[in-house]
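J.: My questions all concern the structure below.
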């Protein structure tokens, strides 16, 4: 079990890896080859503040057409950081693709934050009795945490900015799939708006940002800040 120390910081961030699979390079990197297979992870993120346990994306319990290795429900992986699904106060959905929202039903006590467009596309995944905050462009969750609609990967896809001293952590959703997108300044091959995808990697490759993806194979369950 990973133990958090809230005495020195007002916020902690964890990556929670729950599976591995593969994806064509043509999906992970713009201009990539269809015949090259890229190993990927499936992960969600947890932000712990003094008053909130915020999950960034809900993950999935099934992934049709993918061969998943080392798969655990995201709700189960939460136990490794000492939380139950019922203790999640908020879930930020970066976009409504299956692997980012399907397991939302586990977090019944949470307030769901989702952009207007992604809500319309993902309503089938949201239980009728869940509380939902639907935003148009941005949503401030905490004085250090802001959700920003970007719209590169899907019509209303969003990112999360977390202020931590001189570094701004960016939870990218699928605005970029893997770390190479940022390192090489190449946008993802899976996009809704290519220009917005390109602007994302150009802006956030600056050293004042630290970008965290959901699918890089290097991901593991660990405390980041």
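Read-outs throughout are calculated quantities, based only on the coordinates presented, and are distinct from any laboratory measurement. No experiment lies behind these values; they were computed from the predicted model shown. Cβ atoms come from the backbone with ideal geometry, glycine included; neighbour counts cover every protein chain shown.
J.: Have a look at 119, 45, 209 and tell me which one the Gaussian network model of the chain (Cα, springs below 10 Å) gives the largest fluctuation.
T.: For the chain, modelled as a Gaussian network with Cα springs under 10 Å, the answer is 209.
J.: Right, next: Apply 1/(1 + (r/R0)^6) to the Cβ-Cβ distance of residue 35 and residue 210, taking R0 = 22 Å, and write down the FRET efficiency to the nearest 0.05.
T.: On the way: r = 32 Å, r/R0 = 1.47.
The calculated FRET efficiency here is 0.10.
J.: Treat each spin label as a single point 7 Å out from the Cα along the C-beta direction, and report the residue 179 to residue 73 distance in nm.
T.: About 3.1 nm separates the two model spin labels.
J.: Suppose R0 equals 30 Å. What FRET efficiency, 1/(1 + (r/R0)^6) with r the Cβ-Cβ distance, do residue 165 and residue 80 give to the nearest 0.05?
T.: Working: r = 26 Å, r/R0 = 0.88.
E(calc), rounded to 0.05, equals 0.70.
J.: What residue among 200, 66, 42 has the largest mean-square fluctuation in a Gaussian network model of the chain, using Cα springs under 10 Å?
T.: Maximum among the listed residues: 66.
J.: If you wrap a convex hull around the alpha carbons of the chain, what volume per residue comes out, as a whole number of Å³? Each step should come with its number before you reach the end.
T.: On the way: hull volume 24.9 nm³, N = 225.
Spelled out: Cα convex hull of the chain, divided by residues, is 110 Å³.
J.: Apply 1/(1 + (r/R0)^6) to the Cβ-Cβ distance of residue 217 and residue 62, taking R0 = 22 Å, and write down the FRET efficiency to the nearest 0.05. Walk me through the intermediate numbers first.
T.: Numbers: r = 21 Å, r/R0 = 0.96.
With R0 = 22 Å, the Cβ-Cβ based efficiency is 0.55.
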